[in-house]
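Just so it is clear, none of the values below were taken in a lab; they were calculated from the coordinates. Only a predicted model underlies this, so the values are computations on that prediction, with no experimental measurement involved. Don't worry about glycine lacking a Cβ; one is built from the backbone with ideal geometry, like all the others, and counts go over all protein chains shown.
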Amino acid sequence: MPRPPAANLKISEHERKELLRVRSHRSMPQSVVLRANIVLEAARGVANKAIARHLSTSLPTVLLWRRRYDSKRLEGILADQPRSGRPKQISDKTVAAIVDATMKTKPKDATHWSVRTMAQSQSVSAATVYRIWQEHKLQPHRVESFKFSTDPNFVLKLRDIVGLYLNPPDKALVLSVDEKSQIQALDRTQPILPLRPGLPERRTHDYERHGTTTLFAALNVLEGTVIGQCQPRHRHQEFLLFLNKIDTSIDPALDIHLILDNYGTHKHPLVKQWFQERPRYHVHFTPTSSSWLNQVERWFAEITRKQIRRGSFQSVRDLVRVIQNYIRQNNKAPRPFLWVASANVILKKIRKYKDTSETAD
């Protein structure tokens, strides 16, 4: 006699709705969707073999998830049960030795460890070293630079400038101002080979120099617009010309807060006199060695990446034309940079790095 079909799997209306939600969720793993479909089909009284055939799976799989749902309900099909897996082959002592060697030693013939040199040193496979470094977030191939400001008024200046970013004053403009000097008009000695399927753009490594220009820029922190001017030199005379351009470009009824670094041009006696004669200007100097506080530096990085670094210019005039065009396009659809870190958060990070530095000594 043939075996009787399995009894309907009993589920409540609430459980049915949850299973339907799981099945229709776009980010749900397909393995979990299969389990939900098995349970829903079983609840409708479909035979196990028919479920397996309809869902393109095996009969043991259908039986497994029927039993699992019957005993553990919805929780039982959402997560896999822990498996024994292959026995651990690398001891904790070996793992600790690799981590310790990575952080505290260097190979004899290099400045840092690679996966292969560490594997050879510890008599393990390169895959093992890679896995351990991944687990412990070790990246000996990477290096980052830093510099602590020695400005005695660092905290006061930091709070002043961050305060302008997070809470700009009413009826006033906040302008982040600086110069990008010595921008070279470089032209390749041979024509650039264009991008092709499977091949990147190619260019000769050598180039011809056609002179330099200096870009003076004032970034409107709130709106993202830029007042820019290219000049041949980088002196207080050129900076005064740029200040005059700012002065004629902005509504005279508005106060202007300028964020500047400590370059000598910005503190020249004639520049100081210019500010004294115009009381609507309020100058805020960044702490020494803290150019990262000046938002226009971020804009300089953008124009360098998008236009200057890979550009090819036959003359300084050509370079200036490209820069001016970029500024015009920027001002048509400006996108201000969003400053989110408070002064307290920044100071906390700096203290943490200083503590790490002192500990390393």
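Name the chymotrypsin sites (Phe, Trp or Tyr not before Pro) in segment 144-213 that are in a loop by DSSP and that have at most 13 other C-beta atoms within 10 Å, would you? Before the final figure, lay out the partial values.
Values: sites: Phe146, Phe148, Phe154, Tyr165, Tyr207; in loops: Phe146, Phe148.
Qualifying residues, ordered by number: Phe146, Phe148.
Most exposed first by the Cβ proxy, i.e. fewest other Cβ within 10 Å, how do Thr189, Thr286, Thr61, Thr102 rank?
On the way: Thr189 10, Thr286 24, Thr61 16, Thr102 20.
Fewest-to-most Cβ neighbours within 10 Å comes out as Thr189, Thr61, Thr102, Thr286.
Calculated [222 nm] ellipticity per residue, helices only, for the chain: -14000 deg cm²/dmol; basis is -39500 (n - 2.57) per DSSP H run with n ≥ 4, divided by all residues, nearest 500. When the charge dipole of the chain is built from unit charges on Cβ atoms (+1 for Lys and Arg, -1 for Asp and Glu) and taken about the Cα centre, the candidate among Tyr326, Leu175, Gln229 whose Cα reaches farthest toward its positive end is Tyr326. Reducing segment 287-361 and segment 228-248 to their Cα centroids gives an inter-centroid distance of 20 Å. Residues Glu135, Glu297, Glu223 in ascending order of nearby Cβ atoms (within 10 Å, fewest first): Glu135, Glu223, Glu297.
Taking all pairs of distinct Cα atoms, average 1/r, flip it, and tell me the Kirkwood hydrodynamic radius of the chain in Å to one decimal place.
27.7
By how many degrees, 0 to 90 and rounded to 10, does the Cα axis of helix 92-104 deviate from the longest principal axis of the chain? So the inclination is approximately 10 degrees.
The trypsin sites (Lys or Arg not before Pro) of segment 171-206 that meet both conditions, a loop assignment by DSSP and at most 11 other Cβ atoms within 10 Å of the site Cβ, are Lys171.
Relative to the dominant Cα principal axis of the chain, helix 343-360 is inclined by about 80°.
Subtracting the Cα-Cα distance of Arg73 and Ile90 from 0.36 nm times their residue separation leaves 2.4 nm of extension gain.
Just rank Asp178, Asp206, fewest to most, by other beta-carbon atoms within 10 angstrom.
On the way: Asp178 23, Asp206 8.
Placing the least packed residue first, the sequence is Asp206, Asp178.
Kirkwood radius, segment 13-78, all distinct C-alpha pairs, inverse of mean reciprocal distance: 11.7 Å. Rounded to the nearest 10 degrees, what's the angle between the helix 236-249 long axis and the longest principal axis of the chain, both from Cα atoms, 0 to 90? It works out to around 70 degrees. Of all DSSP bridge pairs formed entirely within the chain, close to 65 percent run antiparallel.
What is the calculated FRET efficiency for Gln184 to Arg16, with r their C-beta to C-beta distance and R₀ = 45 Å, to the nearest 0.05? E(calc), rounded to 0.05, equals 0.05. Note on segment 92-135: Cα Rg divided by 2.2 N^0.38 Å, N the number of residues, gives 1.02. When you filter the trypsin sites (Lys or Arg not before Pro) in segment 278-329 for DSSP loop state and at most 10 other Cβ atoms inside 10 Å of their Cβ, you are left with Arg309. Relative contact order, whole percent, for the chain stands at 14, derived from Cα pairs under 8 Å and 6 or more residues apart. Cross-linked pairs Lys157/Lys180; Lys93/Lys349; Lys137/Lys354: Cα-Cα separations exceed 27 Å for Lys93/Lys349. Note on Ala101 and Ser342: the model spin-label points, each 7 Å out from Cα along the C-beta direction, lie 4.6 nm apart.
Efficiency by 1/(1 + (r/R0)^6): what FRET value for Tyr263 and Asp355, r their Cβ-Cβ distance, R0 = 35 Å, to the nearest 0.05?
Working: r = 31 Å, r/R0 = 0.89.
Step by step, r from the Cβ atoms, then E = 0.65.
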